[in-house]
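One structure is given below, encoded as structure tokens.
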Amino acid sequence: MMPLSTKAKRIAACSAVLVAVIIFITVRFLSQPAPPAVAVPPSVQLLESRLVGRKDGQRQWEILSRSVLQEGELVTLGDLEEMVVFQDQEPYLNIEAPRAQWNRKTEVLRLYGPVLVVGEQDNFQLESDYLEWLGSSATLVSPGPVRILWSGMEIEAAEMGMDTEKGLVHLSGGVQIRDGGLLWKLEEAVYDLQAESMDFFGNVILEEEAGSD
């Protein structure tokens, strides 16, 4: 056997070191645990869908929407074509809104405005920038300003809550009622949709607007 030259010995030594380094890096890499998987909530998007909200097996509301996106418990509705609130299984209120979001767990339906509510009775109309439907109590709530047209009167209030089962509309906060040339200012009012009557609560101020006969 011929003795290796000094240069060959150096090359062999470097090769051995390189192989050892590669083996070490490979072992370290394989021994590390894999990164945890990122949980992505499932989502489903549907086009042209009809959703129905129920309480005790009976319809509370029904929405026809062009776009439906479900992410977990949240259902986002876009391009709403039709929304109906029912009372005793019969259409009670018709609602127009461009967008809505329904939380299936809390049974809260949020309506983003402008929102227009029209009663089956031709003399009731409600306008708001934002409404909430509370499924557990069958209540329609406006936490912000609301405007109502009823029997020729224009009603404004800072907040509103409508009990659809009893047909009562509770108005509070700077309530103003314009009826012809008269302006009523009061703290609270309750409007009975079925009886078509209104009760006043708190201090009541009656003014005659300028320009009225």
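The values are calculated or read from the model by the stated rules, or taken from the named source; none is laboratory data. Only a predicted model underlies this, so the values are computations on that prediction, with no experimental measurement involved. Virtual Cβ from ideal backbone geometry, glycine too; neighbours counted across all protein chains shown.
What about residue 134, is it free of Cβ contacts under 8 Å to residues at least 40 places away in the same chain and under 21 Å from residue 86 (Cα atoms)?
yes
What number of residues in region 183-198 are more than 29 Å from the chain's Cα centre (by Cα), within 21 Å of residue 92 (Cα to Cα) and of a type outside the set (Ser, Thr, Tyr)?
Here the count works out to 3.
So, of the residues in region 193-203 that are modelled with pLDDT of 90 or more and surrounded by 13 or more Cβ atoms within 10 Å (Cβ to Cβ), which turns out to be nearest to residue 123 (Cα to Cα)?
200
Matching residues to (1) of a type in the set (Gly, Ala, Ser); (2) surrounded by fewer than 18 Cβ atoms within 10 Å (Cβ to Cβ); (3) modelled with pLDDT under 95:
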| residue | (1), (2), (3) |
| --- | --- |
| 121 | no, yes, yes |
| 130 | no, yes, no |
| 142 | yes, no, no |
| 158 | yes, yes, no |
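Of everything in region 97-126 that's under 16 Å from residue 193 (Cβ atoms) and charged (D, E, K, R), which residue is nearest to the chain's Cα centre (by Cα)? Give the steps one after another, and end with the answer.
Pass one, region 97-126, residues under 16 Å from residue 193 (Cβ atoms): 117-126.
Now restrict to residues that are charged (D, E, K, R): 120, 122.
On the way: 120: 24, 122: 27 Å.
Ranking the qualifying residues of region 97-126, first place goes to 120.
In region 87-104, what residues are of a type in the set (Lys, Arg), assigned to a strand (DSSP E or B) and closer than 14 Å to residue 52 by Cα?
If the condition is that a residue be of a type in the set (Lys, Arg), assigned to a strand (DSSP E or B) and closer than 14 Å to residue 52 by Cα, then no residue fits.
Name the residue that is nearest to residue 137 (Cα to Cα), counting only residues in region 67-119 that are acidic (Asp, Glu) and surrounded by 14 or more Cβ atoms within 10 Å (Cβ to Cβ). Show your work before the answer.
The initial filter retains those residues of region 67-119 that are acidic (Asp, Glu), namely 71, 73, 79, 81-82, 88, 90, 96, 107.
Within this subset, residues satisfying the condition of being surrounded by 14 or more Cβ atoms within 10 Å (Cβ to Cβ) are 96, 107.
On the way: 96: 21, 107: 10 Å.
Per the stated criteria, the residue is 107.
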